[in-house]
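Input: a single structure, listed below in structure tokens.
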Amino acid sequence: MTSVPPHRARPPHPGGHVPPSALSLVGQARRGLREAAVLTAPPDRYAAAHLAALRAAAGVLAARAHATDPRSRRRRPTSAWVLLTAVAPELGEWAAFFAAGAGKRAAAEAGVDRAVTAREADDLVRDVETFVALVETTLGLLPGPALAAAAG
């Protein structure tokens, strides 16, 4: 996965302040990721990791979403992954990746033992680790590559 260079990414929130709701969601994502890492059944691990990614995405939405026109509330529901692409286009590839795995997560949550392999679950846990770190960087919670290079 690639992302937009930090100098082209939109600021996390006006004034650099990250709303408490966004911080809470990212914290929940981190905790969910730690839980996923220790689960032994691949479907459980996969579902927990995917849910952690969804919570991280919700953190970005909480930080960047703006009040919408009341008429837009009448539209049919939109997935968090579609909304993430709209408010954070630099995370669009990640949104597409996780949207594509939503069916597997649903099957895993439904108890379909063969929904995912151990390798798929392990790979997803690693991918979500990367995604959550990217979300934290995007929200200004971790220094980005440009800041890390300047500090080093």
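The values are calculated or read from the model by the stated rules, or taken from the named source; none is laboratory data. This structure is a prediction, so every number in the text was calculated from the model and none was measured. Counting neighbours? That spans all protein chains shown, and the Cβs are built from the backbone with ideal geometry, glycine included.
Tabulated results
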{"quantity": "Contacts under 8 angstrom Cβ, first residue in segment 18-34 being closer than 10 Å to ALA58 by Cβ, partner of a type in the set (Asp, Glu) and part of a helix (DSSP H, G or I), 6 or more apart", "calculated": "VAL26/GLU136"}
{"quantity": "Residues of segment 78-135 satisfying the condition of being of a type in the set (D, E, K, R) and assigned to a loop (DSSP other than H, G, I, E, B)", "calculated": "ASP113, ARG114"}
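Yes/no per residue for (1) touching a strand residue (DSSP E or B) at 6+ places or on another chain (Cβ under 7 Å); (2) within 20 Å of HIS17 (Cβ to Cβ); (3) at pLDDT 95 or above:
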{"residue": "PRO43", "(1), (2), (3)": "no, no, yes"}
{"residue": "ALA52", "(1), (2), (3)": "no, no, yes"}
{"residue": "ALA58", "(1), (2), (3)": "no, yes, yes"}
{"residue": "ALA67", "(1), (2), (3)": "no, yes, no"}
{"residue": "ARG76", "(1), (2), (3)": "no, no, no"}
